[in-house]
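Q: Take this structure first; my questions come after.
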Amino acid sequence: MLRLKTVLVATCALGALLPGAATLAQTQGGVVDVAIIGEPPTLDPMMSTADVVSIVTQHFFETLYTFDENWRVVPLLAADMPTVSDDGLTYTIALRDGITFHDGSTMDAGDVVASLNRWQEVATRGRGLADQIASVEAPDDSTVVITLTESYAPLLSLLAFSNSAAAIMPEEVLGGDEVSDIVGTGPYRLEEHRPDQYIQVVRFDDYVSRDEPSSAGSGHRAQYLDEIRFIPVPDSSTRVEGIVAGQYHYADGLPTESFERLGDSEGVEPILLAPFGWPVFAFNLKDGLNTDQTVRQAVQAALAPEDMLLAAFGDENFFVVDAAMFPESYVWHNEEGADLYNQADPERAAALLQEAGYDGTPLRILTSHQYEFHFRMAEVAKIYLEAAGFNVDLDVVDWATLTERRDNPELWDIFITHSPFLPEPALTSMYSSTSRVGWIDEEKDAIFDEFVSETDPDRRVELFADLQRLVYEQVPFYKVGGFNALMAQSSDLHGITPTPWPYFWNAYLDQ
């Protein structure tokens, strides 16, 4: 009989513990092995939007703010929520006292200023905000003042996100594209990194936790475990077999067809996050074929999302064919542009290609087996695109290589990725003109600029609907649909809050 231990509705609270966890005695000690989808391309969270980077680095790097179980922004390294001037341009942030970095130095406002300035220079999300920041200053060692050029509603959400993160580091380790050492303030510190073998983090004995009750990633962060080892396991079937055999305590990014096997295996608890997020085909508007909007429209006309999702997930219980960028449970949900979704019309696509003067140049799709559902969608997309007259090259690489190549617009036309549904649309970097996609358009930029500066919630909802309409008209990226995500943990691991970016403070093992 199938034993589903945990189902999380990701659009609601993120704080529900596994059944029975609250009643078990929390024990100190132990080592947890976590199977991740591959080697992270970096351990510097500013430098990547890859989820695998966030999953690992959030254990040793922290931000000024974070999210609670209801996706509200709450303080982490900041002492409290900021004081904001009446005009919305000045944020005064008091810092917590007595915070120690892993190298033994004490965090002060100089470290925060240097970190936020580097974040604006090197991070995708930081660069997207840089034009709105007039200055980041430290009037004293315990206070940071951010002054904006204009009101920017998503500021605190960006400062709270662990992805392309505004992580706080010692000023001494900061450089341009590289940091000289991996030093943070988190509950665990980096002990050893052997690429493609493991990333070992150990308890940081001088960690100073917040006192508030734990609520998703916020509040108290208990250090029950002695050590966490993140083990890159690129093959999804190997991750499944490893968790079933007891080789791993936790496994991320599992194929949906393994759901019943996991549920029927003793000592394993499958975790289904529903709805989780959206697969996306990101277009290259900087170089190559897709600089032509008509070519992008031809791709959109050719694609058949239902067939792509069925190939990717195998069971309609794990996906939804849906044009909206957010599910109905989100305030951002709207149906603008939906008539251009799910066309599956090779004849219209062929006509658009003829209009564009397509000459048979290969359409290069960059994908990976490490997220197997990405590859399966690519295979189906290739069939439909070739039926419309495209010449398609699938460039199948490991995930770390993909995250490197997508930074070079000369190497791809489409890359396949996915994102969880996020609380704030501006956290999706593809809307920004500074993203890898390079979506620069006068109408879009005007709408987006108003969206991020507007403080009235109802007006922001209207503006996002206009932005979604432009996504379907101009095709900077293509949302394939919505999907649920599958993970699993061993039955002797407790205290895990199901989330798109699993973390292991507050986790503990049976002894």
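Where a number appears in this text, it was derived from the coordinates with a stated rule and is not lab data. All values derive from a computational prediction rather than experimental measurement. Virtual Cβ from ideal backbone geometry, glycine too; neighbours counted across all protein chains shown.
Q: Please sort 200-211, 416-427 by packing, taking for each peptide the average over its residues of neighbouring beta carbons within 10 angstrom, highest first.
A: Highest mean packing first, the order is 416-427, 200-211.
Q: Could I ask something else about it? Debye calculation, C-alpha points only, no solvent: report log10 I(q)/I(0) for region 208-269 at q = 0.15, 0.18 Å⁻¹, in the same order as the q values.
A: The Debye formula, applied to the Cα set alone, gives -0.63, -0.77.
Q: Among 405-413, 176-184, 301-309, how do they line up by average Cβ neighbours within 10 Å per residue, starting with the highest?
A: Descending mean neighbour count gives 301-309, 405-413, 176-184.
Q: Hey, can you rank 478-487, 79-88, 252-261 by average C-beta count inside 10 Å, highest first?
A: 478-487, 252-261, 79-88
Q: Run the count for the chain, please: Lys pairs, Cα-Cα under 23 angstrom, 8 or more apart or on different chains.
A: Total qualifying Lys-Lys pairs in the chain comes to 5.
Q: What whole number of Å gives the distance from the Cα centroid of region 457-489 to the Cα centroid of region 138-161?
A: When both Cα centres are located, 27 Å separates them.
Q: Using the C-alpha gyration tensor of region 366-511, what are the square roots of 5 times its eigenvalues, in whole angstrom, with the largest one first?
A: Output for region 366-511: semi-axes of 31, 26, 14 Å.
Q: Right, something else. Based on Cα coordinates alone, diagonalise the gyration tensor for region 279-387, multiply each eigenvalue by 5, take square roots, and list the semi-axes in whole Å, largest first.
A: Gyration-tensor ellipsoid for region 279-387: 24, 18, 14 Å.
Q: Just to be sure I follow: if Rg is taken over the C-alpha atoms of region 62-182 and Rh is the Kirkwood radius over the same atoms, what is Rg/Rh?
A: That ratio is 0.93, to two decimals.
Q: Antiparallel DSSP bridges in region 278-483: what percent, to the nearest 5?
A: 60
Q: Any idea how far the Cα center of region 25-55 sits from the one of region 173-236, in Å?
A: 7
Q: Something else: Can you tell me what share of the DSSP beta bridges in the chain is antiparallel? A percent to the nearest 5 is fine.
A: Among the beta bridges of the chain, antiparallel pairing accounts for roughly 75 percent.
Q: Could you please report the charge total around LEU129, scoring K, R as +1 and D, E as -1 over all other residues with beta-carbon less than 15 angstrom from its beta-carbon?
A: So the environment of LEU129 carries a net charge of -3.
Q: Sticking with this structure for a sec: In Å and on Cα atoms, what radius of gyration and Dmax does the chain show?
A: Rg and Dmax of the chain, Cα atoms, are 22.5, 68 Å.
Q: Rule-of-thumb check for region 389-441: C-alpha Rg over 2.2 N^0.38 Å?
A: Expressed relative to 2.2 N^0.38 Å, the Cα Rg reads 1.31.
Q: Compute from the Cα atoms of region 278-483 the Rg and the Dmax, the latter being the longest Cα-Cα distance, and quote both in angstrom.
A: Taking only Cα atoms of region 278-483, I get Rg and Dmax of 16.2, 48 Å.
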